[in-house]
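This report concerns only the one structure given below.
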Amino acid sequence: MNAPTPLPIYSSQTILNFQTLATLPKHKLDHDWHGDPPLAPSYFVLALDPSNLWFAAECKQTPNFDRKFAQNDFAEGLWQRDVAELFLVEDQTSRYQEFNLSPSGAWWSGVFKSYRQADQTFDHKHSPTITSIITCANIMDNSWSSAMRIPLTSLAITITFGPQSKANVSMIIGGQLRQHLSWSKIASKQPDFHRCQEFSCLQSIAPTA
């Protein structure tokens with residue numbers, strides 16, 4: 001089996017912001033779980049600066065999302081509608097952290113001790129770090145984009161973001177059609193974004209506008 005395609009992450013020596021994040025070239029998710037093309041063009045950006053991790057997603061399709069949740073709201077169950085997801089695996093262990101980002105800018109995070117085994121000691125909703133994670137969103141008639149700033153101090157896992165660190169970016173789009181997109185090609189018949197052993201290693205690249 002071929003090694004997974006490295007997951008690109010921009011590495012900046014200076015502090016980024018949402019405006020500069022939007023100028024970085026986007027990476028396309030070009031296949032769904034079964035190898036078919038996406039229902040709509042879908043993109044992401046992953047970036048790292050000295051203080052923050054940045055995650056942005058974009059889809060050229062009218063979004064399906066829960067309108068009772070707005071930008072910066074912490075909300076569970078976002079995966080039941082259109083969503084972008086980021087998975088980060090802790091270096092040297094089986095722990096991993098998941099981030100969900102809605103088209104509205106609502107977000108969620110959870111930590112797992114191992115495959116789908118939630119770490120019950122982690123309570124992001126009541127953690128003081130929740131106020132340090134911020135999002136922004138832009139919803140138009142036929143597209144959506146959202147992004148989040150995750151301070152490194154708010155991560156609940158230990159990860160160096162080096163070439164041996166593993167991560168994955170995925171999206172669920174299409175409303176009721178539920179198309180599952182993933183950067184890493186995961187070998188399971190049914191969509192399962194939690195198979196960390198099949199995630200890609202990170203590949204640091206210089207930011208270019």
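What follows is calculated from the coordinates using simple rules that are stated; it is not laboratory data. Remember, it's a predicted structure, so these values are computed and weren't measured experimentally. Glycine gets a Cβ as well: all are built from the backbone with ideal geometry, and neighbour counts include every protein chain shown.
Panel order for ARG116, ARG178, ARG149, by other beta carbons found within 10 Å of each beta carbon, from fewest to most: ARG116, ARG178, ARG149.
The trypsin sites (Lys or Arg not before Pro) found in the range 46-80 that occupy coil by DSSP, while having at most 11 further C-beta atoms within 10 Å, are ARG67, LYS68.
Panel order for TYR96, TYR10, by other beta carbons found within 10 Å of each beta carbon, from fewest to most: TYR10, TYR96.
Working from label points 7 Å from Cα in the Cα-to-Cβ sense, the LYS26 to THR160 distance is 3.3 nm. Label separation (SER188 vs ASP73): 2.9 nm, computed from points 7 Å beyond Cα along the C-beta direction. Estimated from helical segments only, the mean residue ellipticity of the chain at 222 nm is -500 deg cm²/dmol, where each DSSP H run of four or more residues counts as -39500 (n - 2.57).
Extension gain for THR62-ALA206 works out to 48.7 nm (0.36 nm per residue, less the C-alpha to C-alpha distance).
Residue pairs exceeding 26 angstrom between C-alpha atoms, taken from LYS60/LYS185; LYS28/LYS113; LYS26/LYS166: LYS28/LYS113. Counting other Cβ atoms within 10 Å as a rough exposure proxy, the listed residues PHE99, PHE55 run PHE99, PHE55 from fewest neighbours to most. Computed on the range 7-205, with alpha-carbon pairs under 8 angstrom and 6+ residues apart, the relative contact order is 26 percent.
Counting only DSSP beta bridges with both residues in the range 7-205, tell me the antiparallel percent, nearest 5. Show your work: numbers first, answer last.
Values: 51 of 58 bridges.
DSSP beta bridges in the range 7-205 are roughly 90 percent antiparallel.
If R0 equals 22 Å, the separation of the Cβ atoms of LEU39 and ASN138 corresponds to a calculated FRET efficiency of about 0.65.
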